[in-house]
Ligand code: DGL
């Protein structure tokens, strides 16, 4: 039997977060899918989402999804935000059945499988930890480990502020450290001895950018678990199933692989903040970034 050639699509993949946190997922996506084009939207003008309630988060997520689809012709959308995924992904899947949506959720399963002490800490936004989706995850994986859960009000915001221009670097760095210390302290004792928490799930995409502070507080033996790489692999699987992976460049020369020209970054907030985050974490130059206005739609929109 002769198999037909796989189809491909050069359309961009949309990636969206309440702010700069999703850049950590974009980093993993670039690594996993080097031939793809990406359009990233940081809704920093409306961040943080974690303390704003479901109705607001659903309305913003819906509006951004429609915007990215209409203006950029995205072939899939990665909701690189645990809070938005928890509040809106099921609803949006029902409203836009023909747009593949990939959400992120706290990595309770891998953490529970790899913890040796069976004590797992989870830090996430209030919106995420209060969601039904999160309750289902805990129920599903709670047989293998005890989860110690902490909502971290203010931490995503402090991480956003740390990239805003002019940078109040000292104040925001101090605040990030203090919040990390307060919230991990509230979870219990970390370590690899029996009864200690040996694994911490970073259940908000912003928190990866506080990894150095968390590592300094918790020590080298505690595992920090995030979701960037698994989400990138899942995105590849979904595009492959849909036959919409990007065509591979004819040349195998490394220069033909992903470069800044294949990534556009947009923010509804401060341009300088996005530019400094993009440079710091993805090594992307300022000209990849611009501001965008995404006014709120309050009603579901038709998908076409
Ligand atoms: N980065 C988002 C998440 O993964 C949310 C941060 C926020 O806006 O509160 O949950």
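Read-outs throughout are calculated quantities, based only on the coordinates presented, and are distinct from any laboratory measurement. For clarity, every value in this text was computed on a predicted model and none was experimentally measured. Because the Cβ atoms are built from the backbone with ideal geometry, glycine has one as well, and the counts that use them run over all protein chains shown.
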### Task
Evaluate the distance, in nm, between pseudo-label points positioned 7 Å from the Cα of residue 194 and of residue 223 along their respective Cα→Cβ axes.
2.1
### Query
Taking Cα atoms, how many degrees apart are the long axis of helix 132-141 and the longest axis of the chain, rounded to 10 and kept between 0 and 90?
70
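Please arrange 75, 193 by counting, for each residue, the other beta carbons lying within 10 Å of its beta carbon, fewest first. Mind dumping the intermediate values first?
Working: 75 21, 193 10.
In increasing order of surrounding Cβ atoms, one gets 193, 75.
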### Query
Which parts of the range 82-103 would a label at residue 133 reach, counting a residue when its backbone N lies under 13 Å from a point 7 Å out along Cα-to-Cβ?
82-94, 101-103
### Message
As I understand it, the value is the acute angle between the Cα axis of helix 54-72 and the longest principal axis of the Cα atoms of the chain; what does it come to in degrees, rounded to 10?
### Response
30
### Query
Roughly how tilted is helix 228-242, in degrees to the nearest 10 and between 0 and 90, from the longest Cα axis of the chain?
30
### Task
For each of 204, 152, 288, 81, count neighbouring Cβ atoms within 10 Å of the residue's Cβ, then give the residues from fewest to most.
288, 152, 204, 81
#### Entry: Interatomic Cα distance distribution for the chain, bins of 10 angstrom, percent
6, 28, 34, 23, 8, 1, 0
### Summary
Per principal axis, largest first, the Cα atoms of the range 27-74 extend in Å by 37, 24, 16
## Note on the structure
For the range 1-81, the Cα gyration tensor yields equivalent-ellipsoid semi-axes (√(5λ), largest first, whole Å) of 29, 14, 10
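Among 175, 36, which comes first, second and so on when ranked by fewest other beta-carbon atoms within 10 Å? Walk me through the numbers on the way to the answer.
Values: 175 18, 36 24.
Lowest count first: 175, 36.
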### Query
For the range 1-157, what does the alpha-carbon gyration tensor say about shape, rounded, prolate or oblate, given a ≥ b ≥ c as the root eigenvalues, a/c under 1.5 as rounded, and a/b over b/c as prolate?
oblate
## Note on the structure
Rounded to 0.05, the calculated FRET efficiency for the beta carbons of residue 113 and residue 153 at R₀ = 25 Å is 0.30
### Message
Of the candidates 156, 65, 240, which one comes out as most mobile in a Gaussian network treatment of the chain with C-alpha springs shorter than 10 Å?
### Response
240
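Do me a favour and compute the ellipsoid semi-axes for the range 61-125 from its Cα gyration tensor, root of five times each eigenvalue, largest one first, whole Å. The partial results should precede the final answer.
Values: eigenvalues 186, 24, 18 Å².
The three semi-axes for the range 61-125 are 30, 11, 10 Å.
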